[in-house]
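Read-outs throughout are calculated quantities, based only on the coordinates presented, and are distinct from any laboratory measurement. All of these numbers come straight from a predicted model, not from anything done at the bench. Using ideal geometry, Cβ is built from the backbone for each residue, glycine included, and neighbour counts are taken over all protein chains shown.
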Amino acid sequence: MKRSVFYDFIKGFIEENPTFRLVIGMCPTLAVTTSVVNGFWMGLSVIFVLVFANVFVSLLRKVTPDEIRLPVFVILIATPVVIVELVMKAYLPAMYEILGIFVPLIVVNCIIIARAEAFAFKHPVLNSFADGLGIGSGFTANLILISAIREFLGTGQITVGSFRFPQAPLFEPAAVMLTPPGGFICLGLLMAILNVLLARRERKMKAQAV
Amino acid sequence: MTERLVVSPSPHWKTDKTVSGLMLDVVVALMPAVLASVVFFGWRALTIILTSVSSAVISEAVYEKAVKREVTIKDYSAVITGILLAMNMPPGVPLWMPAIGSAFAIVVAKQIFGGLGYNFVNPALAGRAFLMAAWPLHMTRDWLAPGFFGGVDATSSATPLAVLKGAPGGTLPGIWDMLLGNRAGCLGETSVIAILMGGIYLIWKEVIDPRIPLGFIGTVFVLTWVFGKPGALFQGNAIYHILSGGLFLGAFFMATDYVTSPVTSKGRLLMGIGCGVITVLIRLWGGYPEGVSYSILLMNLVTPLIDRAMVPRYYGWKHEARKEKTL
Amino acid sequence: MIRTRALSGGVHLDDRKISSGKPVEFAGIPPEIVLFMSQHTGAPAKPVVKAGDHVLAGQVVGEAQSFVSASVHASTSGTVKAVEDRYHPILAKPSTAVVIEPDGKGEIWEGVAPGSDDISTLSPEDIIKIARNAGLVGLGGAAFPTAVKLSPPKDKPIDVYLLNGAECEPYLTCDARLMVEEADEIVFGFTAMMKAVGAPRGIVCIEDNKPEAIMAMEKAISGKPGIELCVLKTRYPQGGEKQLIQVVLGREVPPPPGLPFDVGVVVSNVGTAYSLAKALRTGMPLVDRVVTVTGAVGSPSNFRVLLGTQVSFLIEKAGGYTGEPGKVIMGGPMMGVSLPRTDVPVLKGTTGIVVMTKDEVNLDKPLPCIRCGRCVDSCPLRLLPVWIAAYSDRGMYEEAEKYRALDCCECGVCAYRCPSRRPLVQSVRLAKQAIMEERRARAQKVSG
Ligand code: SF4
Ligand code: SF4
């Protein structure tokens, strides 16, 4: 059965949402989601790397010997990571300062290696491209969602460039939300909510099917 | 036969002590401390306590309604969480803090894990830790000098523990002031006598096991006496150490929380001693002036391990035989 | 005076011995006698009469088939109506019974021959034989065949014999009354028991809430060498065999299959001693016993009851129900069995009938365990009921076994004290059943 390219794209948002469903790529999720801007750039970098790596892994999957596939993956992943790193250093030095070590660390981000191993290595290029784009976008969406919540609660407003919402904090910000424990709490709650909603939907679908 | 008889497994008698009865005992035992806080910090203390309690009870009811669980606010456990959390706050905090803290304690630390009996840390302490991390300034700066009934100074003043640790501009209150509660500190930390009254009531009513508070306070006493003074052994100001901070409150009311303390008596003694050791470590060598609540939280986390390790010697079993045959 | 040790755990109960002042009276011959073939621990007896037979009091109607078993005797004269399955109150299922319609004459079987008033003329074997022929079992509740108890293995010398008059269950007063009224007979039977097992020392153990019984027994044992009295502080479940040994002697019986023999002790109930005395003197087998009928009845009483008498007959005799009955318990409120119906007969092990009104019946719903540790603190065997029950409730019986579910004596203290009203004993019992079944299955596999 040929998989629908569209499904491979869309599944990254809910069904195979990397953060909440597959629970992979946790370190950047917790580390960089202190502001929406950080989350956005981090997400973008991951999309680029993921798509790049997925496409090339898929292209080379027929000629890659099984025994050495992991080193091959790493090379295929490291290449776009270096590209991202250099580009970011050149054009967004401030952002590079903030994301710091987490950009080079994308090399070992388990989302990417996992998609290469579990998907791209077994599927045609187009599907792999869609998968990379979908999972990457899902990941980015998560980062933005989490960082929006954390930034809002932790600083009292959301700041994107010179745009601030609301103009002045409405309440006394809770510093804890910017710390790793705050990240864990936020992540845990979101995960719980998503799981509850999915379980409910499943139950409804089952009830309808019967 | 005309009679319709109930058939149920033995025993056919049950104590009249129920969960809500036990919890109500704890609420009663907390009353002297509540009263003392009102005496020393005025009506403001009462508003903090009431806000905290109502927020706890409302959060519990709303959450349980939302997830369609049976609403259990009648077991008083949320009331206790509310009071304990309030007792852990400086008298000068803005009112939204107890409200948020209680909601966090009930929803995140207790209900999400399944409600009473399933939470793995003490909800009130989790709430306090959250507030401490979120708004540290309010939690560590809004001290008030005590005064009788509303005669509260708006100046902030250093707590005895901070003074012991060398905070500038503070003098130690006299022992009597420490005992009665005439000193700066959290609402429930001040009056040792009031807390002791409640604690003794609980022990007398067999609600709590004295091993935890005694082990806790005893350990702190001994360790601070031995190591309390830098550079000299056996010269520490142990009396001040046990009377100050939240030690009595924590030892009698929070470390003894059923759900998060071990079930065996040996285990409870270990729990008390463990809390004492961690408290002293934090107080003497840690970054915070006070370590009671973190010590209890840490011991909460190892409670399941203590439960596994501290199994009593079963009747008729030799020690070696037990080790072979059980765990 | 014997220095007693503390009982592990346990609980002080409101003892409600409302019938303690009532002398034992004969309950009378009921319209129907139902004698189960299984009234004791061990293999059921085999019926040796058939419908239509005429039987006399003391005549064997069921014969013991193996070592651990006990014969059953007709408790009065009459005609055998049927040998059929009846609802058994303890097994909670139908079981073989001999049903007798009494003729009201109470004629005694010719096989019942007066025995001896002098124990010194009897050898231990004689005593054991008399106990066996009398179908005697422990009358404290467990109904373990007395003859087996009196024959400890040769390699386990017995140095102490405990006579159990603790009667720690609330409400029950049958043993206390017996001690007040028949102290000399009890001591007579007890002396024979000591002789049978070769125990040089005997201790009569009574809880301090029975001052009259203590006085009577003190008088009866005075001048009897080797017999002492031990007064215990009232605490449940001190009347349990293992608990009594711990409290009085400071010894601990090894876990099952360990028995009191293993620590050189035998324990018997005062009622058993009394019945043995009767069998020795008159040759009359075990055909009646003292039963306390109490609780929400018109006049709580102690009756001498012919075995096989129906519970409803006894309740009528005790003045009927007061208030709407909620529960009728065979045995005490802590370890007794609640009856679904009252047309069931008194068995050899029935110590009492306790009636509770509707209002007294606790119907609270169990709440989640709050880990208060009360069950742990109060378990007399120092088990961890909270874990055994938790594993049992989740079907993890192997884990429950590791926490020694099989040691539990079902005393009920844990469930009594649980503030969450958890049915701990029930959970432990389920675990025990599952573990035993598993073992049987394994044994079968090995042998097959
Ligand atoms: S019923 Fe069993 S587990 Fe419960 S207290 Fe008694 S012996 Fe212990
Ligand atoms: S007594 Fe009941 S609530 Fe307490 S620990 Fe035991 S089972 Fe749990």
What lysines sit close enough to C:LYS50 to cross-link, taking a C-alpha to C-alpha distance under 26 Å and skipping anything fewer than 8 places away on the same chain?
C:LYS81, C:LYS93, C:LYS105, C:LYS348
Quick one: if the Förster radius is 35 Å, what FRET efficiency do B:LYS266 and B:SER8 give, using the C-beta to C-beta distance and rounding to 0.05?
0.55
In whole percents, the bins of 10 Å from zero upward hold the Cα-Cα pairs of chain C as 4, 20, 31, 28, 14, 2, 0
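Could you list C:TRP109, B:TRP135, B:TRP43 so that the one with the fewest beta carbons within 10 Å of its beta carbon is first and the one with the most is last?
Ordered from fewest to most neighbouring Cβ atoms within 10 Å, C:TRP109, B:TRP135, B:TRP43 come out as B:TRP43, C:TRP109, B:TRP135.
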Relative contact order (%) - the stretch C:374-447, alpha-carbon pairs under 8 angstrom, separation at least six:
34
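For B:THR140 and C:VAL361, what does the FRET efficiency come to when R0 = 56 Å and r is the distance between their Cβ atoms, rounded to the nearest 0.05?
0.55
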Over all directions, the average projected area of the alpha-carbon convex hull for the stretch C:285-329 comes to how many nm²?
3.0
Can you give the direction-averaged projected area of the convex hull of the alpha-carbon atoms in the stretch C:119-282, in nm²?
8.8
For Cα pairs less than 8 Å apart in space and 6+ apart in sequence, what is the mean separation divided by the residue count of chain B, i.e. the relative contact order in percent?
16
When averaged across all projection directions, what area in nm² does the alpha-carbon convex hull of the stretch C:263-379 cover?
10.8
Among the Cα-Cα pairs of the stretch A:5-209, the proportion with separation greater than 23 Å, in percent, is 49
List the relative contact order of the stretch A:5-209 as a percent without decimals, with contacts defined as Cα pairs under 8 Å and 6+ residues apart.
33
Computed FRET efficiency, Cβ-Cβ of C:LYS50 and B:GLU70, R0 60 Å: what is it to the nearest 0.05?
0.55
Got a sec? Which residues in the stretch B:71-96 would a label at B:SER54 touch, if it sits 7 Å along Cα→Cβ and we count backbone N under 14 Å?
B:95-96
Suppose every K and R has +1 on its Cβ and every D and E has -1 on its Cβ; what is the size of the dipole of chain C about the Cα centre, in Debye to the nearest 20?
1300
Whole-Å semi-axes of the ellipsoid equivalent to the protein assembly as shown (Cα gyration tensor, √5λ, descending)
69, 37, 25
Relative pair counts by distance (%), Cα atoms of the stretch C:399-448, 5 Å bins:
4, 21, 23, 19, 14, 8, 5, 4, 2, 0
Out of the DSSP beta bridges found with both residues in the protein assembly as shown, what percent are antiparallel (nearest 5)?
60
Taking only the alpha carbons of the stretch A:48-93, what extent do you get along each of the three principal axes, in Å, biggest first?
39, 16, 11
Measuring from label point to label point, each 7 Å out along Cα→Cβ, what is the A:MET205 to B:ALA232 span in nm?
7.4
Computed over all unlike Cα pairs, the Kirkwood hydrodynamic radius of the stretch B:196-252 in Å stands at 12.0
Excluding residues fewer than 8 positions from B:LYS229 in its own chain, the lysines with Cα under 22 Å of it are B:LYS165
Calculated over chain B: convex hull of Cα atoms, volume per residue (Å³):
177
